[in-house]
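The values are calculated or read from the model by the stated rules, or taken from the named source; none is laboratory data. Note that the structure is predicted; figures quoted are calculated from it, not measured. Note that we place each Cβ from the backbone using ideal geometry, even for glycine, and neighbour counts take in every protein chain shown.
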Amino acid sequence: MAVNLDPTLLAVLACPSEDHAPLVVGTPSNPDAAALTCTHCRRSFRVDDDRVPVLLLAEAFYDPAAKPPS
Ligand SMILES: [Zn+2]
């Protein structure tokens with residue numbers, strides 16, 4: 001099921017890494033994934049219950065299709 005976040009909330013959420021870049025819904029390989037992906041460092045963060053973003057670096061993961069910044 002796709003993430004169902006309020007667009008206003010999504011607009012103010014930012015990556016917890018130093019880049020604090022905007023997040024987009026889904027992962028590079030699955031736009032419908034229950035996750036948010038940083039537009040800068042490409043870390044992905046899961047979204048619990050399709051509405052609770054877990055924006056913790058310790059919980060971040062890289063989608064196999066995402067390339068970490070060099
Ligand atoms: Zn980031």
### Message
Of everything in segment 37-60, what is assigned to a strand (DSSP E or B), β-branched (V, I, T) and either out of contact with any Gly (no Cβ under 9 Å at 6 or more places or on another chain) or within 14 Å of H20 (Cβ to Cβ) (or both)? Give them in sequence order.
### Response
V47, V52
### Query
Is segment 29-36 home to any residue that is in a loop (DSSP other than H, G, I, E, B), crowded, with 16+ Cβ neighbours inside 10 Å and under 11 Å from the mean Cα position of the chain (by Cα)?
yes
### Query
Restricting attention to segment 1-22, and to residues there that are at pLDDT 95 or above and part of a loop (DSSP other than H, G, I, E, B), which single residue is nearest to T39 (Cα to Cα)?
A21
### Message
I'd like to verify a number: residues in segment 58-68 that are more than 9 Å from the ligand (Cβ to nearest atom) and either surrounded by 19 or more Cβ atoms within 10 Å (Cβ to Cβ) or of a type outside the set (A, V, I, L, M) (or both), how many?
### Response
7
### Query
Within segment 1-19, how many residues are surrounded by 13 or more Cβ atoms within 10 Å (Cβ to Cβ) and within 16 Å of the ligand (Cβ to nearest atom)?
7
### Message
Would you confirm whether or not segment 38-57 contains a residue that is within 10 Å of the ligand (Cβ to nearest atom) and among the β-branched types (V, I, T)?
### Response
yes
